[in-house]
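Let me begin by presenting the structure, written as structure tokens, before commenting on it.
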Amino acid sequence: MIYKISKYPQFSICGLNCGLCPRYYTDGSSRCPGCVGEGFSDVHPNCGIISCCQRKGLDYCFECSEFPCKKYDTTDETDSFITHRTQLRDIEKAKLDFDAYITELNDKIQILQELLSEYNDGRRKNFYCLVVNILELQDLNSIMEKIRNIIEPKALLKEKATTAVGIFQKFADEKGVLLKLRK
């Protein structure tokens, strides 16, 4: 099926944050361009949620009078490459003020890009994508400030990654937040 290209593929029609997904940052044939981004149909030829929205002339599920429909009954039970735990929370934010939510998501994407370029030893991409997706922006900003202040810029990449992950994990443990995908 050929879908109408989305104006903002980093936020999916169903409320996932594609711009925070590891597959969005993958090189090669398994790279996903984000929800209904350029080439999306090649990677994901069938999606009932996208088909439903586009058939109704909607950009996002939350615009539908039937939202949330039965497609969302099991939203919080499993994860794939990206966590679904924040999906409904993020939809509510987008529904309330779409532009403000997109600004927040763009800020999170910038944080993720910094983590991937400065604190990733080649083994932390999935962890950083999960962390940035789950934690609130104000907490991320606070943690990033701490990371930047504690970690020496000239430290070895492995040391930078280990320290950054430890800071995130300590915060999550104190808040009772699970930093793992649920397969």
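Considering each residue of segment 167-174 in turn, none proves to be of a type in the set (Val, Ile, Thr), buried (at least 19 other Cβ atoms within 10 Å of the Cβ) and either at pLDDT 95 or above or under 20 Å from PRO22 (Cα atoms) (or both). Here is a check on your reading of the model: is CYS21 farther than 29 Å from GLY122 by Cα, modelled with pLDDT of 80 or more and not aromatic (Phe, Trp, Tyr)? When the stated conditions are applied, CYS21 does not pass them. Sort out which residues of segment 1-22 are loosely packed, with under 14 Cβ neighbours inside 10 Å and closer than 22 Å to ALA94 by Cα, and write them in order of number. LYS4, ILE5, LYS7, listed by residue number. Only one entry in ASN120, ASN106, ASN141, ASN133 is at pLDDT 90 or above and touching a Ser or Thr at 6+ places or on another chain (Cβ under 6 Å), namely ASN133. For segment 135-159, a tally of residues being of a type in the set (A, V, I, L, M, F, W, C) and part of a helix (DSSP H, G or I) returns 7. Those helices (runs of 4 or more DSSP H) of segment 23-114 in which at least 1 residues are surrounded by 13 or more Cβ atoms within 10 Å (Cβ to Cβ) and touching a Lys or Arg at 6+ places or on another chain (Cβ under 9 Å), considering only elements entirely within it, cover 40-43, 48-55.
The values are calculated or read from the model by the stated rules, or taken from the named source; none is laboratory data. From a predicted model like this one, the values you see are computed outputs, not experimental measurements. Cβ coordinates were reconstructed from backbone atoms using ideal geometry, including for glycine residues, and neighbour counts include every protein chain displayed.
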